[in-house]
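Every number in this text was worked out from the coordinates using simple rules, so none of it is lab data. Note that the structure is a prediction, hence the values are computed from the model and not measured. Cβ coordinates were reconstructed from backbone atoms using ideal geometry, including for glycine residues, and neighbour counts include every protein chain displayed.
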Amino acid sequence: MSAKFIIPKPDMFSAKRVLCIQPHYDDNDIAAGGTIAALADAGVEVIYLTVTDDLVGVIDDNLTEEEAAALLKRDQAEAGACIGVSAQYWLGYPDAGKYDYHDVRRDIIRYIRMLRPDFILTIDPFLPYEAHQDHVLTGKAVSEATILYGMMRLKTDTQVDAAYEGHEIAGIAYYHTHAPNTYIDITATHARKHAAVGAYHAQFSDEDMAMLQYALDMKEQEYGERQGCQYAEPLKILHTRHLHCSTDAVIS
Ligand SMILES: [Zn+2]
């Protein structure tokens, strides 16, 4: 047997501030709302950053962009109150549109320097068969920002960069992952998660929402069985050192 150097999996629940970065308004809550509510209950400050304007997902074609944007923000605020989100920020890139990876990465680094989170939660960009470019681009930009945010030759905003004094990010947690290494017991926060998901009226018909809630519930029960509880959410949690040239990340 050869000795193995294993980087320990960081503990998200010992974080002080988790920045939850999502492509669309509802991704955090649909995939990890129970986990995020449990973090908030444990005294962790949770902040959301949404990369796109999410306008393509609004089902009422008769609304103006301003009306649709107002509805999305209303829904997200209602959901955030259920989960315990302390602040919401938006980058406003065009949903399912053309925008630049490096611009998104720069903006994410700017928010990391401004908000100084010690843990990141985001979407897994390495999910096989994921076709939505907003999901892939956001997850990749967040992952790279998480290893580059301390490199001050990468410029963001002059004032933000000048004020930034450096800090540590302990780890990154991915949802919508095909390779979970952690199952979070969300039994205590399951109802609040589903209330939050139910707040996204602008993007789901009543019928589609009922199907979504049912499908989520089935998966949460399936993951709960693996964890030995009623409901759970799966995550892939990695140390930031796993995000570059690590052959262990895939098995961690
Ligand atoms: Zn999405």
| Contact order relative to length of the chain, as percent, for alpha carbon pairs under 8 angstrom and 6 or more apart | 26 percent
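Between Ile6 and Glu67, take the C-beta separation as r, use R0 = 35 Å, and let me know the FRET efficiency to the nearest 0.05.
It comes to 0.10.
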| Calculated diffusion of region 184-243, Stokes-Einstein form, Kirkwood radius summed over Cα pairs, 4 °C and 1.567 mPa s, µm²/s | 101 µm²/s
| Which links in Lys155/Lys219; Lys98/Lys219; Lys73/Lys98 stretch past 30 Å when you go from one Cα to the other? | Lys155/Lys219; Lys98/Lys219
| field | Surrounding net charge for His102, when Lys and Arg each add one and Asp and Glu each subtract one, Cβ distance under 13 Å | value | +1
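Just the Kirkwood number for the chain, please: inverse of mean 1/r across all distinct Cα pairs, in Å, one decimal.
For the chain, inverting the mean 1/r across all distinct Cα pairs yields 18.6 Å.
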| query | Counting Lys and Arg as +1 and Asp and Glu as -1, each charge on the Cβ, what is the dipole of region 78-177 about the Cα centre in debye, to the nearest 20? | reply | 280 debye
| note | By the mean-Cβ-within-10 Å protection proxy, highest first, 181-189, 150-158 rank as 181-189, 150-158
| task | Within the set of other residues whose C-beta is less than 12 Å from the C-beta of Asp118, count the net charge using Lys and Arg as +1 and Asp and Glu as -1. | result | 0
| remark: Burial-style ranking of 59-66, 27-34, 222-229, average other-beta-carbon count within 10 Å with highest first, yields 27-34, 222-229, 59-66
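Using R₀ = 30 Å, calculate the FRET efficiency as 1/(1 + (r/R₀)^6) where r is the Cβ-Cβ separation of Met114 and Asn181; round to 0.05.
So the FRET efficiency works out to roughly 0.50.
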| What order do you get for 138-144, 206-212 when each peptide is scored by the mean count of other beta carbon atoms within 10 Å, highest first? | 138-144, 206-212
| message | Given contacts defined as C-alpha pairs under 8 Å and at least six residues apart, what's the relative contact order of region 29-167, whole-number percent? | response | 25 percent
| query | What is the dipole size for the chain, taken about its Cα centre, with +1 at each Lys and Arg Cβ and -1 at each Asp and Glu Cβ, in debye to the nearest 20? | reply | 1380 debye
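Glu225 to Ala87: FRET efficiency via 1/(1 + (r/R0)^6), r the Cβ-Cβ distance, R0 51 Å, to the nearest 0.05? All intermediate terms of the calculation are to be shown ahead of the outcome.
Numbers: r = 35 Å, r/R0 = 0.69.
After rounding, the FRET efficiency stands at 0.90.
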| If you place +1 on the Cβ of every Lys and Arg and -1 on the Cβ of every Asp and Glu, how big does the dipole about the Cα centre of region 3-108 come out, in debye to the nearest 20? | 880 debye
| said: Given the options Leu39, Thr50, Asn62, identify the residue whose Cα lies farthest towards the positive end of the charge dipole of the chain (+1 on Cβ of Lys, Arg; -1 on Cβ of Asp, Glu). | reply: Leu39
| Mean Cα-pair separation over length for region 138-252, i.e. relative contact order, pairs under 8 Å, 6 or more apart, % | 38 percent
